[in-house]
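Only one structure is covered here, and it is reproduced in the block below.
The values are calculated or read from the model by the stated rules, or taken from the named source; none is laboratory data. Here the structure is a predicted model, which means the values were calculated and not measured. As a convention, Cβ positions derive from the backbone with ideal geometry for all residues, glycine included, and neighbour counts pool all protein chains shown.
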Amino acid sequence: MRILFIQNNGIQESIGIANLSGILKANGHETDLLLVSHTPDLIGAITRYDPGLIAFSALTGVHHSLEQLAIQIKQHFNIPIIVGAPHPTYSPDMIERPGIDIICRGEGELAMLELADAMEHGRDVTTIRNLAVKTKNGVIHRNAVRPPVPLDELPFPDRELYYKYKFLRDMPMKRFISSMGCPYPCTFCHEPVIREMYKKETRSDYLRRKSVPRVVAEIKYIAERYPLNHVHFSDDLFYSQQLQVARGVRRRLREGSRHPVQLQHPLRLGEPARRRLA
């Protein structure tokens, strides 16, 4: 089955979308990506690819333009549209908007794979966990989330999805994620909300880490194939959880080529922490 990701929220590669594409391709599906900013004839590009499913990633603040884009696409195609990422996770009533057929709450790797498999074989999709599905007669089926998957069990992110765009492929700094979640209950942040959602609906902890060998393998895979001068960790709270990961990654990378490690929030590190990381 062909799944087309359409990104209208900037030109930076999304590790979330790359994760989705990675698990879909690993299980026999085809994927492609269109950056709206670099696709003058979006309708023509969709026609040429002929997908069975169109997927969006929605951030709050840009979700309005996404909803309008979904309506425009529906004027030309009878293709199911799914929206995932933060906005539908925290505002699941997005499923009620016209042009949107499915939303995904929480992490979408296993849900997207189950959805693609079911659609390819003509099976019912209304009971898939993490998804809210709107049928043709307007009935909405809302499902609880599934337990979060251990990060080392996921295939590598499919960064090649983005690297058909030369300016992204040749960027010397590339982003990586070594963990998901944050243990702190800051009221201004979304993290306590998603942790509570997973605790309530799955009795499991959203906070997880990748092993050092897995992180190193992801970085080396890119370093051996594409320009890479800086490794940027974009974890929700890198230092408090992952100092030992950074040290292990740096040590192992230095066994071969040498890549500076750039933290997402370096200004939060005091001098003792910086010395321990060096």
*With respect to LEU237, determine if the residue is farther than 19 Å from CYS104 by Cβ, surrounded by 14 or more Cβ atoms within 10 Å (Cβ to Cβ) and not β-branched (Val, Ile, Thr).*
yes
*Sort out which residues of region 202-230 are assigned to a loop (DSSP other than H, G, I, E, B) and either more than 13 Å from ARG159 (Cβ to Cβ) or out of contact with any Phe, Trp or Tyr (no Cβ under 8 Å at 6 or more places or on another chain) (or both), and write them in order of number.*
ARG203, SER204, ASP205, TYR206, LEU207, LYS210, SER211, GLU224, ARG225, PRO227, LEU228, ASN229
_Condition first: farther than 25 Å from ILE3 by Cβ, over 17 Å from the mean Cα position of the chain (by Cα) and aliphatic (A, V, I, L, M). Can you find one or more residues in region 181-193 that meet it?_
yes
*Go through the residues of region 232-242 one by one and say whether even a single one is in contact with a strand residue (DSSP E or B) (Cβ under 6 Å, 6 or more places away or on another chain), outside the structural domain of LEU24 (by TED's automatic domain parsing), polar (S, T, N, Q) and closer than 17 Å to ALA18 by Cα.*
yes
*Any residue at all in region 155-173 that is more than 27 Å from VAL36 (Cβ to Cβ) and buried (at least 18 other Cβ atoms within 10 Å of the Cβ)?*
no
*Among the residues of region 162-184, write down those that are more than 15 Å from VAL231 (Cβ to Cβ) and small (Gly, Ala, Ser).*
GLY181
